[in-house]
1. Provide the per-residue ³J(HN,Hα) series for the stretch 146-151, in order, calculated from phi with Karplus coefficients 6.51, -1.76, 1.60 and θ = phi - 60°, each as a whole number of Hz, with x at glycine and proline positions.
2. If we count every other residue with Cβ under 15 angstrom of SER45's Cβ, Lys/Arg +1 and Asp/Glu -1, where does the sum land?
3. Using 0.36 nm times the number of residues separating ARG171 and PHE54, minus their current alpha carbon distance, what extension gain do you get?
4. Given R₀ = 45 Å, FRET efficiency for SER45-ALA84 by Cβ-Cβ distance, to 0.05?
5. Hey, what do the phi angles of the stretch 12-26 turn into as Karplus ³J(HN,Hα) couplings, whole Hz, using 6.51/-1.76/1.60 and θ = phi - 60°, x for Gly and Pro?
6. For the stretch 29-81, what's the radius of gyration and Dmax over Cα atoms, in angstrom?
7. Semi-axes of the stretch 155-274's equivalent ellipsoid from the Cα gyration tensor, sqrt of 5 times each eigenvalue, largest first, rounded to whole Å?
8. Quick check of the Kirkwood formula: for the stretch 139-219, what is the inverse mean of 1/r over all pairs of different Cα atoms, in Å?
Amino acid sequence: MRDFARKLGVSGWIVVGCALLIAVAAVAPGVLAPGDPLAVHPSESFSEPGLAHFFGTDESGRDLYTRVVHGTGSSVLIGVAATAIGVGLGAVLGLITGLGGRWTDAAGSRLIDALLAFPTLLLALLLIAVRGPGVGTVIVAVGISSAPGYARLLRSEVRRVSRSGVVEAARMLGKSRTRIIGVHILPGALGPLLAVATLGIGQAIVWASALGYLGLGAPPPAPEWGAMLNAGRTYITSGWWMTVFPGLAIVAVGVVATLLGRKASAHLSGRGRK
């Protein structure tokens with residue numbers, strides 16, 4: 001534990017602290033912003049950022065700081081759930097492709113390449129056109145769109161681990177294929193996938209916010225960051241804070257998730273070299 005803390009460094013602990021702050025905002029937003037994110041005060045509409053309203057107010061007088069904090073939960077939920085769907089589907093496809101024979105590998109690889117060539121946003125819009133807009137549809141759309149990337153990564157990791165000396169030694173000792181896969185191949189192949197999944201959470205939040213900006217996510221006046229960006233675009237010149245602060249929240253969560261993923265990848269790489 002001490003060795004891990006030393007390797008994490010000051011910058012790493014700052015990232016962890018920011019991640020904990022985001023977690024608190026997602027799980028218990030009332031701790032950071034006890035107000036009602038849907039409370040309307042027409043007399044205070046378009047108030048600039050100040051002591052009374054840290055992030056200003058929108059066209060209906062709703063406090064933007066409260067809305068941004070309370071929107072963390074839905075945005076993080078979308079990112080985590082979409083990543084879980086993408087990792088689950090990608091793991092199934094990657095394992096089938098990586099552990100199968102030559103024909104299975106060839107067919108699976110062509111399928112993964114075809115899905116990767118399909119634009120992510122276009123695939124999400126196609127699914128939304130079939131199912132209709134909404135948070136659930138956004139989660140499924142972003143999850144399916146990210147699955148091919150995870151499948152390709154897991155396939156390559158399975159192939160790499162399958163050729164390692166440990167697996168070859170297990171085969172020579174006469175261990176069963178099931179035991180080799182469960183004990184040697186899966187633990188070595190899933191570690192990098194889970195580290196990359198941390199990076200994927202930030203990317204999923206960005207994609208979900210983009211769909212929310214297009215009006216295909218949570219319906220207004222829900223405090224969802226993409227929907228808030230969509231609501232503020234009309235007033236970008238007169239009420240810049242309505243767009244800037246939700247946008248900064250999206251960037252902050254994306255950066256923290258990316259840095260956490262890099263730290264996790266570096267830690268796993270260091271263990272692998274040992």
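1. In residue order, the calculated couplings are 8, 4, x, x, 5, 5 Hz.
2. Value of the local net charge: -3.
3. 35.8 nm
4. 0.70
5. Values per residue, Gly and Pro as x: x, 5, 5, 4, 4, x, 5, 5, 5, 5, 5, 5, 5, 5, 6 Hz.
6. Just the Cα atoms of the stretch 29-81 yield Rg and Dmax of 11.8, 38 Å.
7. Working from the Cα gyration tensor, I get semi-axes of 46, 15, 8 Å.
8. 14.8 Å
Each reported figure results from applying straightforward, stated rules to the coordinates on display, with no laboratory input. Source: prediction; values computed, not measured. Positions of Cβ are generated from backbone atoms using ideal geometry, with glycine treated the same way; all protein chains shown enter the neighbour counts.
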